[in-house]
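Participant: The structure under discussion is supplied below as structure tokens; questions concerning it will follow.
Any read-out appearing in this document is the output of simple, stated calculations on the displayed coordinates, not a laboratory observation. Treat the numbers as computed from the prediction; the structure is a model and nothing was measured. In this analysis, Cβ positions are derived from the backbone assuming ideal geometry, glycine residues included, and neighbour counts consider all displayed protein chains.
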Amino acid sequence: MLRVMLIGALLLTTGVWADETPIGYVKNITGEASITTEGDIIRAKIGTPIYQGSVLHTRAQSSMGITLKDATVISLGPETEFAIDEYVYAPAQNKLKLGSRITKGSLNYISGVIAKLQPDAVTVTTPSGTIGVRGTQFAVKVE
């Protein structure tokens, strides 16, 4: 009986992990950067997965580039804090959303599929307002 319960618990735990699929990956990095996801802080390196809810940090004289599943490219400059709060990429079900925020630093954004199919589904919130993506590329700096 105990053996069956342990196997069941293991299967349930594995199912939870399987639902946490990455929404993107770190593609390049210079200097020091980190990613915080659900309270866990890890040092960013090429190939590090990004999840919905991840907060990305770069240090002084550092930069990081990420690519999301829909081919959105985001480059972060030095001393930046950027979060991906909402990410839904299911074009077959017409479910698209990219909600993010930058609290300090700078970023360069290049649109992926979400912004091309549904531009109003992409927002970047700053301390002084929200950017609605209507083009294919923009840069922002928060001081």
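Participant: Output the Kirkwood hydrodynamic radius of segment 22-142, Cα pairs only, in Å rounded to one decimal.
Facilitator: 14.1
Participant: Could you please rank Y109, Y51, placing first whichever residue has the fewest other Cβ atoms within 10 Å of its Cβ?
Facilitator: Going from sparsest to densest Cβ surroundings: Y51, Y109.
Participant: Please find, in a Gaussian network model of the chain (springs between Cα atoms separated by less than 10 Å), the residue of S128, S75, S100 whose mean-square fluctuation is greatest.
Facilitator: Judging by the Gaussian network model, the answer is S128.
Participant: Here's another thing I want to ask about it. Trypsin sites (Lys or Arg not before Pro), restricted to segment 65-143: which are DSSP loop and have at most 14 other Cβ atoms within 10 Å?
Facilitator: Qualifying residues, ordered by number: R134.
Participant: When a footprinting reagent is the concern and you count Cβ atoms within 10 Å, what order do T72, T36, T136 take, fewest first?
Facilitator: Starting with the residue having the fewest Cβ neighbours, the order is T136, T36, T72.
Participant: Give me the angle, in degrees from 0 to 90, between the Cα long axis of helix 2-19 and the longest principal axis of the Cα atoms of the chain, rounded to the nearest 10.
Facilitator: 20
Participant: Compute, for the chain, the length of the dipole vector about the Cα centre, with Cβ point charges of +1 (Lys, Arg) and -1 (Asp, Glu) only. Units Debye, rounded to 20.
Facilitator: So the dipole magnitude of the chain works out to roughly 280 debye.
Participant: Under a cut-off of 20 Å between alpha-carbon atoms, report the lysines in cross-link reach of K104, not counting same-chain residues fewer than 8 places apart.
Facilitator: K141
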